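A quick write-up on the structure given underneath.
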Amino acid sequence: MEKRFSTSRTAQILDVSTNTLKRWYMWYENDSYEKPADLKLPQYTTDKRRTKFFTMADIQVLEQFKVDLKGKYRGIMSDFNADYQWGQYGTVRTERKKRKKERQ
């Protein structure tokens, strides 16, 4: 059986916080936000406590996801982060931004 790494250990390997890793999955699994077809996150396994576990191959896919978010897909999660981290202000900000785009 292939060695599995917990969310916290995976985050250490990727040099991101566990919250960042969890936020990637919250965004990716939320159908309200558009995602590019070639931007993928690996499937994880869970235990009884719902801890996510990843294999080394999964971690390599996550590393590529991290690189893509900093590069060609920079800002793709901005609406989600505004809604999630900023609460009501972020939601209002996002709506204003959408209305402004519609007027142009």
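The values are calculated or read from the model by the stated rules, or taken from the named source; none is laboratory data. Values in this document were obtained by computation on a predicted structure and should not be read as measured data. Neighbour counts run over all protein chains shown; Cβ positions are idealised from the backbone, glycine included.
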Discussion item. Residues to consider are 104, 85, 60; find the one that is under 25 Å from residue 3 (Cβ atoms) and loosely packed, with under 15 Cβ neighbours inside 10 Å.
Written reply: 60
Worksheet item: Given the conditions (1) outside any loop (DSSP other than H, G, I, E, B); (2) farther than 15 Å from residue 67 by Cα; (3) not charged (D, E, K, R), and given that residue 1 satisfies all but one, which numbered condition is not satisfied?
Response: (1)
Worksheet, complete the sentence: Within the stretch 1-22, residues among the small types (Gly, Ala, Ser), surrounded by fewer than 16 Cβ atoms within 10 Å (Cβ to Cβ) and closer than 23 Å to residue 75 by Cα come out as 17
Worksheet item: Restricting the stretch 67-82 to residues that are within 16 Å of residue 21 (Cα to Cα) and crowded, with 16+ Cβ neighbours inside 10 Å, which is modelled with the lowest pLDDT?
Response: 80
Practice prompt. Output the residues belonging to the stretch 23-47 that are surrounded by 13 or more Cβ atoms within 10 Å (Cβ to Cβ), free of Cβ contacts under 8 Å to residues at least 24 places away in the same chain and under 13 Å from the mean Cα position of the chain (by Cα).
Written response: 28, 42
Item to complete: Identify, from the list 96, 50, the residue that is on the phi > 0 side of the Ramachandran plot and either in a helix (DSSP H, G or I) or over 11 Å from the mean Cα position of the chain (by Cα) (or both).
Response: 50
Worksheet item: Which residues, counting only those in the stretch 17-38, are assigned to a loop (DSSP other than H, G, I, E, B) and either of a type in the set (S, T, N, Q) or touching a helix residue (DSSP H, G or I) at 6+ places or on another chain (Cβ under 6 Å) (or both)?
Response: 17, 30, 32, 33
